[in-house]
Amino acid sequence: METRRDERIYKLAQALKRTDKLHLKDAAQLLGVSEMTIRRDLTEPASTVVLLGGYIVSDPKSHAGHYFISDQHGQNAARKQRLAQAAASLISENDTVFFDCGTTLPYIADAIPDTLPFTAICCAMNTFLALKEKPACNVILSGGEFHADNALFTPIGAHSILDDLCPTLAFISAAGVDKDQGATCYNINELAMKHHAMLRACQRVLVADSSKYGKVLPARIGELRRFDLLVSDSAPDQALKNWLTQQNIPLRLP
């Protein structure tokens, strides 16, 4: 027999088919109940959705064996927050900045001062949701086909919004950083936007928390030499650190 809790969780699961995450306040309004009721619903076992940092997302365990952005949302949060402070400090007034997809980029958006005027170009729903909360930010979302696993929009046709823009900075996220294989990520469908942004930007900034050192994922973004700067939360091992120094690739830490 379906309970009212089951019905509420079903409605939340349906809503998450249309977006990567749902703020607790918005979920309460959607269901016509209090935030405390939803919190109580989600503390009980056997739920297909979970509460992470004030946002409701699909339960990562329901997607075992496949990369979903909601799986990674709370992973290495403290590292990403420290990295974000270092990355956000690179943005100057009236810059135009490309924000890549992935779970690290919303942390960077959150770390930007609300009073800083800048233009943001993004291609992922979760990054857009964070950037739109910045009062002084002019947000440009690159549209196209939506991919729910990594919340990414990929352009349809030959034209991309980046053809018409020249970003001051491009924040490119990686899930693996290796001196031999370079920067890598999970999904091949991310590569075109990453490569285009790197081509158009004046400064290419690789962002990866320290858990990504030494990892190699299936999709190759490119050699580390293609980046002007690496931003992370802590230094890599001495071998990689020495190699970065030899290649004149600065490392920016919090």
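Based on what the data block shows, is residue 233 in contact with a Pro (Cβ under 7 Å, 6 or more places away or on another chain), touching a residue at least 60 places away in the same chain (Cβ under 8 Å), assigned to a loop (DSSP other than H, G, I, E, B) and not hydroxyl-bearing (Ser, Thr, Tyr)?
Yes; evaluated as a whole, the condition is true for this residue.
Between a residue in the range 108-120 that is in contact (Cβ under 8 Å) with a residue 40 or more places away in the chain and any residue that is surrounded by fewer than 21 Cβ atoms within 10 Å (Cβ to Cβ) and not polar (S, T, N, Q), which pairs come within a Cβ distance under 7 Å, given they are 6 or more apart or on different chains?
108/88
Restricting to the range 158-173, name every residue that is open to solvent by less than 10 Å² (accessible area, probe 1.4 Å) and within 21 Å of residue 111 (Cα to Cα).
Scanning the range 158-173 gives 167, 169, 170, 171, 172.
Please work out if residue 104 is modelled with pLDDT of 90 or more, in contact with a Leu (Cβ under 7 Å, 6 or more places away or on another chain), over 22 Å from residue 208 (Cβ atoms) and buried (at least 18 other Cβ atoms within 10 Å of the Cβ).
It is false that residue 104 is modelled with pLDDT of 90 or more, in contact with a Leu (Cβ under 7 Å, 6 or more places away or on another chain), over 22 Å from residue 208 (Cβ atoms) and buried (at least 18 other Cβ atoms within 10 Å of the Cβ).
What residue, of 199, 191, is more than 17 Å from the chain's Cα centre (by Cα) and in a helix (DSSP H, G or I)?
After applying the criteria, what remains is 199.
Mind checking which residues of the range 136-157 are closer than 28 Å to residue 225 by Cβ and either surrounded by fewer than 16 Cβ atoms within 10 Å (Cβ to Cβ) or under 14 Å from the mean Cα position of the chain (by Cα) (or both)?
150, 152
Quick test of your reading of the structure: residue 89 fulfils all but one of (1) buried (at least 18 other Cβ atoms within 10 Å of the Cβ); (2) within 24 Å of residue 253 (Cα to Cα); (3) of a type in the set (Ser, Thr, Tyr). Name the failing condition by number.
(1)
Among what's in the range 58-101 and is modelled with pLDDT under 55 and among the small types (Gly, Ala, Ser), pick the residue that is nearest to residue 154 (Cα to Cα).
Among those that are modelled with pLDDT under 55 and among the small types (Gly, Ala, Ser), it is 70.
Could you tell me whether residue 177 is more than 23 Å from residue 110 (Cα to Cα) and part of a strand (DSSP E or B)?
Yes: the conditions hold for residue 177.
Among the candidates 224, 217, which residue alone is surrounded by fewer than 20 Cβ atoms within 10 Å (Cβ to Cβ) and touching a residue at least 12 places away in the same chain (Cβ under 8 Å)?
On inspection, the qualifying residue turns out to be 217.
Could you check the range 163-209 and list, in sequence order, the residues that are hydroxyl-bearing (Ser, Thr, Tyr) and modelled with pLDDT of 95 or more?
168, 173, 184 - these are the residues of the range 163-209 that are hydroxyl-bearing (Ser, Thr, Tyr) and modelled with pLDDT of 95 or more.
Please enumerate the residues belonging to the range 239-254 that are surrounded by 11 or more Cβ atoms within 10 Å (Cβ to Cβ) and either out of contact with any strand residue (DSSP E or B) (no Cβ under 6 Å at 6 or more places or on another chain) or hydrophobic (A, V, I, L, M, F, W, C) (or both).
Passing the criteria: 240, 241, 242, 243, 244, 245, 247, 249, 251, 253, 254.
If you take the residues in the range 16-57 that are open to solvent by 60 Å² or more (accessible area, probe 1.4 Å) and acidic (Asp, Glu), which one is modelled with the lowest pLDDT?
44
Name the residue that is nearest to residue 148 (Cα to Cα), counting only residues in the range 3-15 that are surrounded by 15 or more Cβ atoms within 10 Å (Cβ to Cβ) and not hydrophobic (A, V, I, L, M, F, W, C).
Among those residues, the one meeting the criterion is 8.
The values are calculated or read from the model by the stated rules, or taken from the named source; none is laboratory data. Quick caveat: nothing in here was measured; it's all calculated off a predicted structure. No Cβ is skipped: glycine too gets one built from the backbone with ideal geometry, and neighbour counts run over all protein chains shown. Accessible surface areas use protein heavy atoms only, side chains included; no ligands, DNA or RNA. Shrake-Rupley method; radii C 1.70, N 1.55, O 1.52, S 1.80 Å.
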